[in-house]
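First comes the structure, then the notes that go with it.
The values are calculated or read from the model by the stated rules, or taken from the named source; none is laboratory data. Predicted model only: the values in this text are computed from it and were never measured. So basically every Cβ, Gly included, is an ideal-geometry build from the backbone, and we count neighbours across all protein chains shown. Areas reflect the complete protein model, heavy atoms only, side chains present, ligands, DNA and RNA absent. Shrake-Rupley method; radii C 1.70, N 1.55, O 1.52, S 1.80 Å.
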Amino acid sequence: MNALFDLHGRLAVVTGARRGIGRAMAEALAAAGADIIGVSARLRDDDEVATAVRRLGRSFEGHAVDFADRGAVLALGAVLAGRAPDILINNAGTIERAPAATHPLQWWDRVIEVDLSSQFALTQLVAGPMLERGSGKVVFTASMLSFQGGINVPGYTAAKSGIAGVTRALANEWAGRGVNVNAIAPGYIATDNTEALRADPERSSSILGRIPAGRWGRPDDLAGAAIFLCSAASDYVSGAILAVDGGWLGR
Ligand SMILES: NC(=O)c1ccc[n+]([C@@H]2O[C@H](COP(=O)([O-])OP(=O)(O)OC[C@H]3O[C@@H](n4cnc5c(N)ncnc54)[C@H](OP(=O)(O)O)[C@@H]3O)[C@@H](O)[C@H]2O)c1
């Protein structure tokens with residue numbers, strides 16, 4: 001393995017690790033040598049991600065926390081800060097679909113809390129020891145809707161646009177202190193998050209027809225970007241939002 005991408009001896013926190021993109025990222029970091037602390041709403045010690053990470057010879061510790069519960073997120077942050085991880089991937093996220101004109105405000109509030117506010121609250125705590133030590137990697141999961149408006153998902157678009165801003169804000173303050181803050185913006189990836197789009201023949205074919213790569217993304221399409229942004233290979237990269245989108249944004 002090229003030393004630039006070697007994560008042996010590193011401890012990584014990956015949120016949303018139970019399935020989808022987070023699971024793929026956790027397994028990719030473990031394959032590169034990192035031990036993993038996984039977090040998600042319903043994570044259990046015998047979930048597939050735990051087994052896969054251990055099969056790779058790395059340790060896995062799981063925490064089940066609802067990111068809609070601010071108190072629980074703060075308590076988790078304190079526990080994780082005590083473990084002084086080298087890497088934090090803020091990937092857990094939810095989505096609610098309804099037209100803007102009738103979008104329930106409680107959905108707006110929940111999505112903003114889970115996808116934006118809790119991400120900042122957790123990062124503040126977990127990055128504390130990184131800043132003291134003078135090294136660390138923080139990676140957010142952004143979205144195409146960090147750049148575009150989306151359809152029927154105003155809260156999600158607001159949250160993911162906010163994540164782009166938080167990425168740059170933290171990068172500005174922390175790049176000089178040895179902590180790299182960046183984001184990965186996945187394109188349209190086949191996970192539970194996009195199930196409703198893929199089930200709608202019209203949306204599904206219009207999305208597919210606009211992806212230059214000619215296919216939906218798979219969770220493991222995010223593996224390389226995750227390893228890059230969590231490794232020494234990206235030591236001079238800060239405030240970047242790396243699109244992994246089959247060319248969607250370039251179109
Ligand atoms: N799929 C795409 O096309 C796409 C594109 C751009 C960005 N993203 C972003 O990528 C990230 C991962 O999404 P995905 O596509 O992998 O979706 P997914 O398969 O639905 O996975 C979402 C993950 O986030 C966790 N999560 C959801 N709500 C939570 C809450 N209230 N508290 C704690 N954890 C919670 C889930 O936990 P449980 O498994 O325990 O339920 C799950 O592990 C999200 O931030 C999403 O917005 C996805």
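For the reader, a short list of remarks on this structure follows.
- Pairwise Cα inverse-distance average, inverted: Kirkwood Rh of the chain (Å): 18.1 Å
- Between 0 and 90°, nearest 10: helix 70-83 axis offset from the chain longest Cα axis: 30 degrees
- Of every Cα-Cα pair in region 94-243, the percent that sits beyond 21 Å: 49 percent
- Across region 77-171, Cα pairs under 8 Å and at least six residues apart give a relative contact order of 40 percent.
- The chain: angle of helix 20-31 to the longest principal axis, Cα-based, in degrees nearest 10: 30 degrees
- Each peptide in 153-163, 195-205 gets a packing score, the mean of other Cβ atoms within 10 Å over its residues, and the list from highest to lowest is 153-163, 195-205.
- Net charge, ASP86 excluded, C-beta distance under 11 Å - Lys, Arg +1, Asp, Glu -1: +3
- Other residues lying with their Cβ under 13 Å from the Cβ of MET25 contribute a combined charge of +2, Lys and Arg counting +1, Asp and Glu -1.
- Working note: Karplus 6.51/-1.76/1.60 with θ = phi - 60° gives region 156-171 the couplings 5, 4, 4, 5, 6, 5, x, 4, 4, x, 4, 4, 5, 4, 5, 4 Hz, where Gly and Pro are set to x.
- Our helix-only sum for the chain, with -39,500 (n - 2.57) per DSSP H run of n ≥ 4 divided by its residues, gives a mean residue ellipticity at 222 nm of -12500 deg cm²/dmol.
- Residues VAL237, VAL114, ordered by accessible area of protein heavy atoms at a 1.4 angstrom probe radius and largest first, appear as VAL237, VAL114.
- Residues whose amide H comes within less than 5 Å of that of ILE189, counting only those at least five positions distant or on another chain, are GLY217 (H built at 1.01 Å from N in the peptide plane).
- Burial order of peptide ranges 87-93, 76-82, 225-231 (average beta-carbon count within 10 Å, highest first): 87-93, 225-231, 76-82
- Per-peptide average of other Cβ atoms within 10 Å, ordering 45-52, 98-105 highest first: 45-52, 98-105
- Cβ-based net charge around GLY187, under 12 Å, with every Lys or Arg adding one and every Asp or Glu removing one: +2
- Applying the criteria of a DSSP loop state and at most 16 other Cβ atoms within 10 Å to the trypsin sites (Lys or Arg not before Pro) of region 1-56 yields ARG42, ARG44.
- The chain, relative contact order in percent, only Cα pairs under 8 angstrom and at least six apart counted: 20 percent
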